[in-house]
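One structure below.
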Amino acid sequence: RHPAHRVVTAEHAAVLYPPDPDRWAGRALAPYRQSWTPGDDPYGEAAEALAAAGLEVHSWVILAHSSRLGAEHPDTSVVNAYGDRYPWAPCIARPAVRDYLVDLAAEAAARPGAHGTELESCGWYGFAHLHAHDKVAGVGLGDAAQYLMSLCFCAVCREGYGEEGVDPETLSAAVRRALEPVWSGGGSPESGRDGIAKLLGPEQADATLAWRGRVARTVQEAAVAAVRAAAPPGFQVLLHADPVPYRTGANVGVEPDHVLAVADGVVLPCTGSDAVREAVLGPFAGRGGVRAANFGVVTGMGGSPRTLERDAAHAASLGADQLRLYHAGLASGPDLEAVAAALSRLG
């Protein structure tokens, strides 16, 4: 709907405002500026326009996901059991990465005019949602195998596994051994914590879960605290989340009781079947806090705008009290008409 253009190439992760030079002076890790949108502060322009139209502005900050960061600073990346680096996934256990993410959260979330924020990927990133043009769909990784491929073996994480009582060399060998049938075409149907224990053995599985859980919790606590320190009173902080603690990615795995004690609530992926919504909303039932149901509304990107009314009502019956419309800015005219009709009936 731009008056002149149809294609925008966002070349890398970037902030849409001028970063504070004093905050980032002399630091190796700092946010990248964008160059594909005119103006020095496109966030500020958008926020003013939205406020003038009577809409409350909330920021959206993506934290532990930046391919350019990993390409320019390889030592920041997750390293898998084979020694492969994931440049799109900074290891949140590394002190420099943690400091960068916490400061980025504080600066990017509490922008002028914002009444709240949503922190995406505020935790571990892993194997899924890789690089541009990734070609990994030929091998099916089950839930437990995804976890094994997401384990980090950088120097800091190796030390962390040792603190939990397992030898990192023995652990990495166990990961490679467990995944060998996958690469041989045998698949990996195992899922859940029991599936991880089956692949790694209970002791090693528990050690990885304990180390990664401790790191994720402390990063989430620090990021939310930094945002609140920088923001005005009443500023709302939500985390994009998954109630399965070992999950990685944009919707990071969390422990429901912990995250609701830290943040004001969660944004949960609710596109799909009733079972999908029950799985993500169920663990938060009766625990208080905001539970925002996030629905894709672009048909060509897997969304279902024509079932939004029914799906949103189902989410509300499971305890959701807010609604998110994912990628609405990329929706076609017919998709937006279907969304508008659904919202008018939902009231």
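Some points to look at:
Condition check ((1) surrounded by 15 or more Cβ atoms within 10 Å (Cβ to Cβ); (2) closer than 16 Å to His131 by Cβ; (3) touching a Pro at 6+ places or on another chain (Cβ under 8 Å)) across all residues:
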| residue | (1), (2), (3) |
| --- | --- |
| Ala51 | no, no, no |
| Val57 | yes, no, no |
| Ala64 | yes, yes, yes |
| Ser67 | yes, yes, yes |
| Ala81 | yes, no, no |
| Pro87 | yes, yes, yes |
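- Residue in the stretch 231-243 that is in contact with a helix residue (DSSP H, G or I) (Cβ under 9 Å, 6 or more places away or on another chain) and open to solvent by 40 Å² or more (accessible area, probe 1.4 Å) present: no
- Look at (1) among the polar types (S, T, N, Q); (2) touching a His at 6+ places or on another chain (Cβ under 8 Å); (3) over 23 Å from Pro269 (Cα atoms) and you find that Gln236 fails only one, number (3).
- Tally, over the stretch 324-339, of residues that are surrounded by 18 or more Cβ atoms within 10 Å (Cβ to Cβ) and either at pLDDT below 95 or closer than 23 Å to Val237 by Cα (or both): 4
- Under the condition of being closer than 17 Å to Ala93 by Cβ and open to solvent by 50 Å² or more (accessible area, probe 1.4 Å), the residues counted in the stretch 219-230 number 1.
- Of all residues in the stretch 111-136 being of a type in the set (Asp, Glu) and modelled with pLDDT of 95 or more, the one that is surrounded by the most Cβ atoms within 10 Å (Cβ to Cβ): Glu118
- Count of residues meeting criterion [touching a residue at least 12 places away in the same chain (Cβ under 8 Å), open to solvent by less than 70 Å² (accessible area, probe 1.4 Å) and outside any loop (DSSP other than H, G, I, E, B)] in the stretch 186-201: 5
- Checked against the criterion of being of a type in the set (A, V, I, L, M) and closer than 22 Å to Arg23 by Cβ, the stretch 80-95 contains one or more residues that satisfy it.
The values are calculated or read from the model by the stated rules, or taken from the named source; none is laboratory data. If you're wondering where the values come from, they're calculated on a predicted model, not measured in any experiment. Glycine gets a Cβ as well: all are built from the backbone with ideal geometry, and neighbour counts include every protein chain shown. These area figures cover heavy atoms from the full protein model, side chains too; ligands, DNA and RNA do not enter into them. Shrake-Rupley method; radii C 1.70, N 1.55, O 1.52, S 1.80 Å.
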